[in-house]
Structure formats: structure tokens, C-alpha cells
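Engineer: Below is a structure I'd like to ask you about.
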């Protein structure tokens, strides 16, 4: 039986990450991307705000298309720990308006220079891309910047964790 997922984003990159996770887990689903609001800042700067954004996206996606089995919301944000920001990604599944399942990724430290600029109001996406282009000769720094830009590993982990909480094997 195929599951129907209302996905709280129209990002093709995030949809591909979800499809990849489902395929690797042997799950079959139809995914319906929805343009929904997170109702948080474009650049969430706390774990609570990131979680709230993912929950809002999941619930709004489920409400937008209630004939699906679940609404799934994804949100990436930054969390200050000590004197560095860390990337964190959250995936939330709503089965109905009262029942949700959440997965959170591991936190990945931003380079000190990037953290300082974000702390002083710069947008993370712009700063990390500039950082990557300034360090093209250092393969480790370029690879770190790429992880922070595409967030594939972090979103994959968050999605897997939410599906584990939901128990997707029992619902396909």
C-alpha cells in the first residue's frame, strides 16, 4: 500500500532528500509538495524556533491536503552553543492535528568566522557561500561548507528519526 505524504515545502532539493530516505528504507509513497508558511523567521536562531517551524509546516501541509496519510514539515535552523552557531535540522510528521512525531539531526558547528557574522546579523546562506568561495583551495573547508549549504545529511537524519518515531514500516 502506498502512503500519501503532504510535504510542507515546494523545495525540490528537500523533496529529493525525502524520496531518497523513503527509497533506502524500502517505503513507497506519493509526495505532494505544498507551499505553506513556517510562521517563524526565515533564519531560525534557536532549536525551539526551528522545531516550531517544522511543526507549523507539517500541520499546515496536512491541513492543506487532509486526504493524505501524513503531513511532513522540514525546517533548518541555527542554535548558539557556547560561542558558535550550529546547524540543526528538524522533521515533523503530523498524523492528525493532535498527534505528531519529531526527528532532530545532530548539530554541525559552523566555522567561527561564519558564526560571528551570523551573530552580527548576516544571513547564513550568503555568509557560508562566501566562506566556501574564499576557501576553494582547502578541500576540508569546502566539504564542510557544502554540508552546511545543502544540509542533505542533516535533513536525512532528521527525516529518518521522525519516521522511526512514527513507525513508517507499519504504515506502508
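Only the coordinates and a few stated rules stand behind these numbers; no lab work does. Given the structure is predicted, the values throughout are model-derived calculations rather than measurements. Please note: Cβ atoms are built from the backbone with ideal geometry, for glycine as well, and neighbour counts cover all protein chains shown.
Engineer: Angle between the Cα long axis of helix 152-166 and the longest principal axis of the chain, 0 to 90 degrees, nearest 10?
Structural biologist: With rounding to tens, the tilt is 30 degrees.
Engineer: Could you tell me how many degrees, from 0 to 90 and to the nearest 10, lie between the Cα long axis of helix 47-64 and the main elongation axis, the longest principal axis, of the Cα atoms of the chain?
Structural biologist: Long axis of 47-64 versus the principal axis of the chain: about 30 degrees.
Engineer: Could you work out how much longer the chain between residue 146 and residue 42 gets when fully extended? Use 0.36 nm per residue separation minus the Cα distance between them, nm to one decimal.
Structural biologist: On the way: separation 104, 0.36 × 104 = 37.44 nm, distance 1.99 nm.
So the extension gain works out to 35.5 nm.
Engineer: Then there is this: Between residue 122 and residue 1, how high is the FRET efficiency from 1/(1 + (r/R0)^6) when r is the Cβ-Cβ distance and R₀ = 45 Å? Nearest 0.05.
Structural biologist: On the way: r = 47 Å, r/R0 = 1.05.
The value I calculate is 0.45.
Engineer: Between residue 136 and residue 30, take the C-beta separation as r, use R0 = 45 Å, and let me know the FRET efficiency to the nearest 0.05. Could the numbers behind the result be given before it?
Structural biologist: Numbers: r = 41 Å, r/R0 = 0.90.
Once the sixth-power term is evaluated, E becomes 0.65.
Engineer: Quote the relative contact order of the chain in percent (integer), defining contacts as alpha-carbon pairs under 8 Å separated by 6+ residues. Kindly include the intermediate steps, with their values, before the conclusion.
Structural biologist: Working: 342 pairs, mean separation 37.8, N = 172.
Relative contact order, the chain: 22 percent.
Engineer: Still on this model: Using only alpha carbon pairs under 8 Å that are at least six residues apart, calculate the relative contact order of region 60-119 and give it in whole percent. Intermediate results must be reported in sequence, preceding the final value.
Structural biologist: On the way: 91 pairs, mean separation 16.5, N = 60.
For region 60-119, the relative contact order is 28 percent.
Engineer: I've got another one for you. On a 0 to 90 degree scale, rounded to 10, what angle separates helix 12-24 from the longest Cα axis of the chain?
Structural biologist: Once rounded, one gets 60 degrees.
Engineer: Taking the simple approach of a point 7 Å from Cα along Cα-to-Cβ for both residue 129 and residue 67, what is their distance in nm?
Structural biologist: About 3.8 nm, to one decimal.
Engineer: While we're on this one: Just to be sure I understand: of the beta bridges DSSP finds with both ends in the chain, what percent are antiparallel, rounded to 5? Mind showing how you got there, number by number?
Structural biologist: On the way: 19 of 27 bridges.
Around 70 percent of the beta bridges assigned by DSSP in the chain are antiparallel ones.
Engineer: Now for a different question. Using only DSSP helix segments of four residues or longer, with each worth -39500 (n - 2.57), what per-residue ellipticity at 222 nm results for the chain after dividing by its residue count and rounding to 500? Provide the component values of the computation, followed by the final result.
Structural biologist: Values: 6 runs with 77 residues, N = 172.
Mean residue ellipticity at 222 nm (helix-derived): -14000 deg cm²/dmol.
Engineer: Let me ask another. Please compute the length gained on full extension between residue 20 and residue 164, using 0.36 nm multiplied by the number of residues separating them and subtracting their Cα-Cα distance. Walk me through the intermediate numbers first.
Structural biologist: Details: separation 144, 0.36 × 144 = 51.84 nm, distance 1.54 nm.
That pair, residue 20 and residue 164, stretches by 50.3 nm at full extension.
Engineer: Given springs between every Cα pair under 10 Å in a Gaussian network model of the chain, which of 82, 53, 103 has the largest fluctuation?
Structural biologist: 82
Engineer: At q = 0.11, 0.12, 0.23 Å⁻¹, work out log10 I(q)/I(0) for region 98-172 with the Debye formula, treating every Cα as an identical point scatterer and leaving solvent out; two decimals please.
Structural biologist: -0.40, -0.46, -0.99
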